[in-house]
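Structure first, then comments.
The values are calculated or read from the model by the stated rules, or taken from the named source; none is laboratory data. The structure displayed is predicted, hence computed values, not measured ones. Ideal geometry is used to build each Cβ from the backbone, glycine not excepted, and the neighbour counts take in all protein chains shown.
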Amino acid sequence: MEAGIVGLPNVGKSTLFNALTQAGALAANYPFATIEPNVGVVPVPDPRLDLIQSFITSQKVIPASVRLVDVAGLVKGASAGEGLGNKFLSHIRNVDAICHVVRCFQGEVTHVDGDVNPVRDIETIQTELLLSDLQMVESASQKSAKLARGGDKEAKAKLALLEQVGAVLNEEQPVRSLQIEDKEQRKLLRGFAFLTAKPVLYVANVDDTDPAGEGPLVQAVRDFAAKDGADVVPVCAQLESELAELDEEDRAEMLADVGLEEPALAALSRAAYRTLGLQSFYTAGPKEVRAWTVPVGATAPEAAGQIHSDIQRGFIRCETYSVSDLVELKSEKAIREAGRLRVEGKEYVMRDGDVCHFLHNG
């Protein structure tokens, strides 16, 4: 699963992407510096991995990761094709969640609208995504109406759904605000890949005088995001790009100087993971302690399939315990003897933090 980094030009989007992926030289700071999307794989910092390894010695530790796509800056009018808008919107359509970078710093680089106003910037992009979705509703409705007149049942269902979507969009609300209980309708909705159906994480790009995002600009973003039930992560992209170039000792010293316990990118990676609706389970042995990624709600066989498709096909059962069990009882042997090792079957829904052994045929 992927999260797309979007934002207006000159908000620090590419600086953030390069810091996240430690890609080296920063892109030139002008609109449309990034025409094709860049893709990076970012580890998700997870202290539970170190906890597990402190009790189960292994040769290496492998964290979970998130795929990030750096999408070129959107501009007002993108839904009508301005600034290569259609191409950029298509890149957003292919991701599973949106990391919306919002400028919350002043600085020398001129804002495309002349002054810094993060809520206006959010609304500018949200409007373009809403307009793009409305265009899709219109074209899809015409196609479905024609098929529905011929008696096509799925087309009739799509048409009814599109009427609901159109009503929400015309109220200037995102598609994700639409509450749909019916499983088949939810499946139909996913098939359209509406831009405003995607969950959003707001990234408030601050300057180094406010690394924790305590100023009024970030607070305005938090107030806006709260209405959408979205997370906000303050990040000083310039500071993070400098931290990414340092060794561990110098990084710790620089973090202490600015009053941060860890790079803000660690919090951002974890927040992006949550926004994508993901959770981790672990496998642990002498070769490696590893975090694996599954969507929230995944079953044990689906989790096994993340390791290997053969394990999913031949799934028999899952033996599992929690990291807290390991911390308390110190070893898998003690967990088993205490009766805390759970044996789960095919219907088991994975919990975040499960440590698993999968038994399978083949």
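Report, by residue number, each residue of region 3-43 that is assigned to a strand (DSSP E or B), surrounded by 17 or more Cβ atoms within 10 Å (Cβ to Cβ) and modelled with pLDDT under 85.
Passing the criteria: Asn38, Gly40, Val42.
Looking at region 157-183, which of its residues are surrounded by fewer than 15 Cβ atoms within 10 Å (Cβ to Cβ) and under 21 Å from Lys146 (Cα atoms)?
Across region 157-183, the qualifying residues are Ala160, Glu163, Ala167.
With the requirement that a residue be closer than 22 Å to Ser90 by Cα and of a type in the set (Asp, Glu), what does region 121-160 give you?
Asp121, Glu123, Glu128, Asp133, Glu138
Could you check, for region 191-207, whether at least one of its residues is outside any loop (DSSP other than H, G, I, E, B), surrounded by fewer than 16 Cβ atoms within 10 Å (Cβ to Cβ) and touching a Lys or Arg at 6+ places or on another chain (Cβ under 9 Å)?
Yes, because at least one residue in region 191-207 is outside any loop (DSSP other than H, G, I, E, B), surrounded by fewer than 16 Cβ atoms within 10 Å (Cβ to Cβ) and touching a Lys or Arg at 6+ places or on another chain (Cβ under 9 Å).
Among the numbered conditions (1) within 24 Å of the chain's Cα centre (by Cα); (2) without any contact (Cβ under 8 Å) to a residue 24 or more places away in the chain; (3) in the same structural domain as Ala266 (by TED's automatic domain parsing), tell me where Phe224 comes up short.
Every condition holds for Phe224 apart from (2).
Checking Asp257 against (1) in a loop (DSSP other than H, G, I, E, B); (2) of a type in the set (D, E, K, R); (3) farther than 19 Å from Gly40 by Cβ, which single condition isn't satisfied?
Every condition holds for Asp257 apart from (1).
Give, as residue ranges, the helices (runs of 4 or more DSSP H) completely inside region 282-362 that count at least 1 residues that are in contact (Cβ under 8 Å) with a residue 12 or more places away in the chain, within 24 Å of Pro43 (Cβ to Cβ) and more than 28 Å from the chain's Cα centre (by Cα).
Values: elements: 300-307, 309-313, 323-329, 332-337.
The helices (runs of 4 or more DSSP H) meeting that bar are 323-329.
Going through region 138-197 one residue at a time, which ones are free of Cβ contacts under 8 Å to residues at least 60 places away in the same chain and of a type in the set (Val, Ile, Thr)?
Scanning region 138-197 gives Val165, Val168, Val175, Ile180.
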